[in-house]
Each structure stands twice: as structure tokens, then as C-alpha cells.
2 protein chains.
Amino acid sequence: MAGSDEVSNKQVILKHYVTGFPKDSDMSVVTKTMKLKVPEGSKDTVLLKNLYLSCDPYMRGRMSKLDRPYFVTSFEPGSPLNGYGVAKVLDSTHPNYKKGDLAWGYTGWEEYSLIASPLLLIKIEHTDVPLSYYTGILGMPGITAYVGFHEVCSPKKGESVFVSAASGAVGQLVGQLAKLEGCYVVGSAGSKEKVDLLKKKFGFDEAFNYKEEPDLDAALKRYFPEGIDIYFENVGGKMLDAVLLNMKLRGRIAMCGMISQYNLEQPEGVHNLMQVVGKRIRMEGFIASDHYDLYPKLLELVLPAIKQGKIVYVEDTVEGLEKAPAALVGLFTGQNVGKQVVVVARE
Amino acid sequence: MAGSDEVSNKQVILKHYVTGFPKDSDMSVVTKTMKLKVPEGSKDTVLLKNLYLSCDPYMRGRMSKLDRPYFVTSFEPGSPLNGYGVAKVLDSTHPNYKKGDLAWGYTGWEEYSLIASPLLLIKIEHTDVPLSYYTGILGMPGITAYVGFHEVCSPKKGESVFVSAASGAVGQLVGQLAKLEGCYVVGSAGSKEKVDLLKKKFGFDEAFNYKEEPDLDAALKRYFPEGIDIYFENVGGKMLDAVLLNMKLRGRIAMCGMISQYNLEQPEGVHNLMQVVGKRIRMEGFIASDHYDLYPKLLELVLPAIKQGKIVYVEDTVEGLEKAPAALVGLFTGQNVGKQVVVVARE
């Protein structure tokens, strides 16, 4: 029972490891209690009030038992999920954070998180933009788009760029960065609404609904009669196979993720890798967290562009932790339109 | 009928486009006649006496009708094959070549070739090594090994290197370059004889017969308990899938070729590409002919090493154009032990 100085703390718990497509019911929302104070004697510890939580595709891997973890570790069944979020510091014994600070980084899927020696927590300096953007364009997905496009793909003006899952948290920014760079940009997405967003809101030159294309190779040939210089890979499987057939000589593929594959027992086979040899293609994997040193460059580019309306960002928000399991699961059926955010509290 | 100033000219002809595994009988050896003189008025033309012809895996693609050629073109049914070879200039109206010169480059699969404006013909300056080496270690396969290993993979001392098809024209040199660089090197090949060569002749640290490994993943784990930094890809398919599971963080894969796939109706699917994302792997295709500017660096490294016995090179030679079809076809069943060369004439 909660003492007088304790508050209730809702948490989203992983009930068990998941195989195949995850379901809401693989998680449960429970209520615990906690004191809103860093316990006496705890060094370098922060107590966070979580405001916005980020639903990200890479979290699917963490719902499984990973035999050989290489960049993420499994969630622990019976414990709250964790991931990127925006939070307010309520109490701190960490020299870098004080009460009232806003920060984004790793936090728990709960109302309040007590974190000792935070692995990644970046203080928010600019609050004249929506705070939730720090789960997206100004957070990990933003760095992902920036690094994948600018560092991995080395774009040149006039080049042809294809982005899959293009209306998602990362894709929508990649497309807009490519337009700023003077590229021809085409995106694919899974609904008419998303395709309209790509063309009308994000300024992609063209966009198509991959679900309505029985022949992805033919679709790509329609939009890229002379081939693709840069592919920003978010989906994997059949799309990657079709893209390989349409890459130009010395094309570059930023290997960001493969959301179409995460729930399959065995990922689909990709058959056209011989194209990589003949066309001298570079395929390169990358992870945002290797590149946080470039975060200031992202802010420098994106913050003024947001304020001037040159870059826009679309979020899909749900209110309340209770809705977090469905929001996370919805990523894998493409339910979200734009970056999926869970609002835990607005301040 | 041959006039008094004409000689007979044996040629290896492609009879028809090939699907699936090629057979000797897809080619025929015919005898034509020709004059041993560049015809009057032909500018920039050389008449070559072919000495050694190179059997290379990439030639398989050229035996098919290529709908979308991107780095090679199809052979022409009814005409002689062409490819890399070593030749002696018998007559020339080209300012760069004179009678008696030795050269390597593109030539026909025939005794004598008349070539106008040769696309690639490099004069041989060093004749104190076997001339046939200019079809291998001192020719295109040598540049392939050098560029793929040194330029694409950026090796560091102590790194772990895996080479497939390791006793072949390219693989045997890659392994020796890696040893010179201070790497730990393991090779795979398809017979006990080849595995012995790798270990005893080329100095690989370890080698295994992939045909005797029911579980390639397990085999790689045995030789690379801590993973692979550099993979020199010559085979594709199941081996690539197993390698991806065993790559280290920030590993590099030089995509040189996929000989296991060239005769399949559809290439096998590769399922483990998600490893490229999580492990930040770079897979990069390359073609020797983009990098002939580095040829002097290859010679500088390899010529003295050959003379000092620090690098050795094993060739599998057949004598006579009649044996060329079987020698070429044999590449795809792994019949050759070392670089496959056809001796047309010794001088």
C-alpha cells in the first residue's frame, strides 16, 4: 500500500517472450508505487517523470529472446519495457542533471523512472518546438535519418533517392533532407493516406502504395527509368530485391532496418545480391547510437528548418500508457501515420 | 581455302546461349584462316598471337543472353569467345604496340586475333616471371585480389579474414596478402587437395572443405570463435548467409563474385541481411577494371614477393584450344586446382 509520500506508477510490462507478430496481450499495464525521490546514498541517479515515449520498430527484436544479442538486448519478461522517451527530471544526484531539466534518452515504459548512471540522456536545450519531437525528428530517428542519408549515402545534387516506409519516423525526414539536397525523391508507403502525405506534405517528387503494386520491379522502373542512386532501406525482403535490380552503378544503400521481416520465423531470402558486385553497390548498416557526436549538426540543420516551415514532421499520438501496447504493436501492421508517440503526461 | 600467305586459325565458338550449368558441347572448336598482317589502311589495330587464355568465372554470365547488361555483355553465338589472355604482337598499326611486344588484356579465344582499338591491352614489362601469371596473379585476378582486399576491406594487422573459393585465381592471393598484412586467415575450398594447398602452400592459418561441413555456421564458429572482420566473397548463397551470422561489428565484405549462383535459374535467397544493420557491416561490390590505375601498386607489391618466394601462385593448365571449353566449364564444378589457364602456344 502506498505510503503518504508515495505515488502510483503505471508500467507497461512484457509478459513473455514473443514469436511471430506481437499482440497487445503480450504486454500488460500494471500499477506499482514509488517514492518521488532519489533514495538516500544513490549516486549519479535521476528520477524522471516520463512525458512522451517513442514506439520504434527496433523494439520488436527486444521482445524476443535474443540468443546472440549484438546491438540490442532482450526486454525482461515481468519488467517494464524501456526505450527512447522525453522526460522531466524530478530529482537528481547526477551532476549533469537537476530538478526541472528536460531530457530525452533511454527511459522506462512507466510514469516515473528511477535511473542510476543513465546510459543515454541528453538535456533538451531548445523548447520552442514540440517536446515530443525529441522522440522523433530531434531524437534517435532524426539522427538515424541524418547519418544514414548524409554520412552513409554521400548524396549529390540531382541524384535519385528512394525511401521505403517513407512516411515513418525516419523516412519522412530522409525524404525532406534529400529534397533540401536537390535530389529527386520517391517514397513508398502502405496506404493512400500515407502516399498523399508524402507528396503533399513532405514534398516527395513521387510516391506509391506498395500494397497496390503487384510488381515492385515494374513500379520502380516507372519512377526511376534511369535507376536509383541512393536507397534508404527500412523494409527489407521483396522491396530490397526489387531495388537491387534498379540500382545504378555505384549506388549506395543505407541499411537502416527491415520492418517487413521482424515478425517472420525466418526472414525472406534476398536473391539479387549479385547486382551488388556488377554495379559496385555499397550496402552499409548503421545505428544512430554510434553517431551521437553528430547530434549538434542535426539540430543545426533541422531546428531552423522546422521553425521556417521548410521541414515538417507528422506524429501519430496516443494518450496514456494504457494505449502504449497497441501503439507499439501497430507499427508492424503500418497502423501509424507518421512517428508513433505515446503521451504519458504533457508536463 | 587458305592462300599461300594465310594460316589456319583455330577458334572456340559459343554455339548458343546457355541456361543452367554450361557444358563443353555449348562450345565448338572450328578452324578458320587469316592473314598474319594488319590489313592495309586499318588504324590503331594489332594482330595478336594468343599464348595463354584465362578461364574466369565471370565468363559464365556472358554465355547467357543478358537482358540488362551492366558490366559485361553477352558473347555472340557463332563467334569466338573473348576474355583475358596473354599475347604476342605480330603486327601493329597502333602507336603503343610494336611487333614482338608481349601484352595482356582482352583477346579472342582463338590462335590469332585481329583487334582494332584494343579496349584493354597492357604491355608486359617484366618477363622474369612465368608469362601465364599475367592471366592470374599479375593480371585481372591479381588486381581483383589487391583492390578487394586492400581498398575495399581496409585491413588492419591482427584482423580475422575469411576467404571462400580460397584456392582459386583470386582467393589464393587474397589469403597471402592477408598473411603479409599480419591477419589471421581461414579459407574454404571444395576438396582435400585444395584444403591442403591452402594450409601447406599458401600459408592460410586454417582451411576447411565446405562440402564436408553440414553446418557452415558451426564450421565458421569453430574457426572464428570471436567472429570475422573481413570476408572476401567469391561464392554467395548459403556461405554468405552463414558468414553474415559470424561477422563482427563493423565487418567488411568485399563482394567479388558468387560462383555458386551463376548456373542457377534463380539465385538462392540470402536470409541474414538484417545482420548488416545491427553489426554495421559494409558490403561493397567492385570490379577490377575500375581500378587499373592501381596496377603499378600490385606489381610493386607482388613481383618482388614472387621472386623472393614470399608469394606463390598455383595454376591449373591445359594444353591446346581444344581443351578450352572443358577447362572453362570445369570452373563451375570446381575441377580446377588453382588458376585455370589454357595454353594456346608457349611463344
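Miscellaneous remarks
- Remark: the range B:140-289 carries 33 Å² of accessible area per residue (probe radius 1.4 Å; ligands, DNA and RNA excluded).
- Net charge dipole size for the protein assembly as shown [Lys, Arg +1 and Asp, Glu -1 on Cβ; Debye, nearest 20]: 540
- In sequence order, calculated HN-Hα J values of the range A:124-133 (Karplus, 6.51, -1.76, 1.60; Hz; x Gly/Pro): 8, 9, 10, 10, 8, 10, x, 4, 4, 4
- Proximity of backbone amide H atoms, modeled 1.01 Å from N, is registered between B:ASN9 and B:LYS32, B:THR33, B:MET34 at under 5 Å, excluding neighbours fewer than 5 places apart on the same chain.
- Interface between chains A and B: roughly 3100 Å² of accessible area buried, both sides summed (probe 1.4 Å, protein heavy atoms only).
- Per-residue ellipticity at 222 nm computed for the protein assembly as shown from its helices equals -5000 deg cm²/dmol, with DSSP H segments shorter than 4 residues left out and the rest contributing -39,500 (n - 2.57).
- Peptide B:234-247 has a mean of 1 when you count, residue by residue, the C-beta atoms of other protein chains within 10 Å of its C-beta.
- Cα-based radius of gyration of the range B:42-114 once divided by 2.2 N^0.38 Å, which approximates compact folds: 1.21
- GNM top mover of A:GLY203, A:GLY78, A:GLY190 - chain A, alpha-carbon springs below 10 Å: A:GLY78
- The mean number of partner chain beta-carbon atoms within 10 angstrom of a residue's beta-carbon across peptide B:187-193 is 0.
- For B:SER289, inter-copy label distances in nm, listed shortest first [label point 7 Å out on the Cα-Cβ vector]: 4.5
- Calculated P(r) of chain B - Cα pairs past 37 Å, %: 19
- A label point on A:GLU206, set 7 Å along the Cα-to-Cβ line, lies at 5.0 nm from each of its counterparts in the other copies, closest listed first.
- You can think of it this way: the chain between A:PHE332 and A:HIS16 has 111.9 nm of extra reach, that is 0.36 nm per residue less the Cα-Cα gap.
- Other-copy label distances relative to A:LYS98, 7 angstrom Cα-Cβ extension, nm: 8.6
- A viscosity of 1.002 mPa s and a temperature of 20 °C, combined with the Kirkwood radius over C-alpha pairs in the Stokes-Einstein formula, give the protein assembly as shown a diffusion coefficient of 76 µm²/s.
- Taking only alpha carbon atoms, the range B:58-99 gives an Rg to Rh ratio of 1.13, where Rh is the Kirkwood radius.
- Exercise: per-residue mean of other protein chain Cβ atoms within 10 Å, B:262-275: 5
- Computed over the range A:140-289, relative contact order equals 23 percent, with contacts defined as Cα pairs under 8 Å that lie 6+ residues apart.
- Shape of the range A:154-203, Cα gyration tensor, a/c cut at 1.5: prolate
- Between the exposed loop cleavage positions of chain A, defined as trypsin sites (Lys or Arg not before Pro) in a non-H, G, I, E, B DSSP state with at most 16 neighbouring beta-carbon atoms within 10 angstrom, the longest gap is A:158-309.
- Summary of the geometry: the range A:291-321 and the range B:240-286, compared by the centres of their Cα atoms, lie 34 Å apart.
- Of all the options A:HIS126, A:HIS16, A:HIS150, the one that moves most in a Gaussian network model of chain A with Cα springs shorter than 10 angstrom is A:HIS126.
- By Cβ position, the chain A residue that hugs the axis carrying A onto B most closely, with its distance in whole Å, is A:GLY269, 1.
- On the range B:140-289, 50 percent of the accessible area sits on carbon and sulfur atoms, based on a 1.4 Å probe.
- Rounded, prolate or oblate (a/c below 1.5 giving rounded, otherwise prolate when a/b exceeds b/c) for the range A:140-289 by Cα gyration tensor: rounded
- GluC sites (Glu not before Pro) lying in DSSP loop within the range A:94-156, provided at most 13 other Cβ fall within 10 Å: A:GLU125
- Here each label is just a point 7 Å from Cα along the line to Cβ, and for A:GLU6 and B:GLU319 those points are 9.4 nm apart.
The values are calculated or read from the model by the stated rules, or taken from the named source; none is laboratory data. Just so we're clear, the structure is a prediction, and the values are computed from it rather than from any experiment. No Cβ is skipped: glycine too gets one built from the backbone with ideal geometry, and neighbour counts run over all protein chains shown. Ligands, DNA and RNA are excluded from the accessible area calculation, which covers all protein heavy atoms including side chains. Shrake-Rupley method; radii C 1.70, N 1.55, O 1.52, S 1.80 Å.
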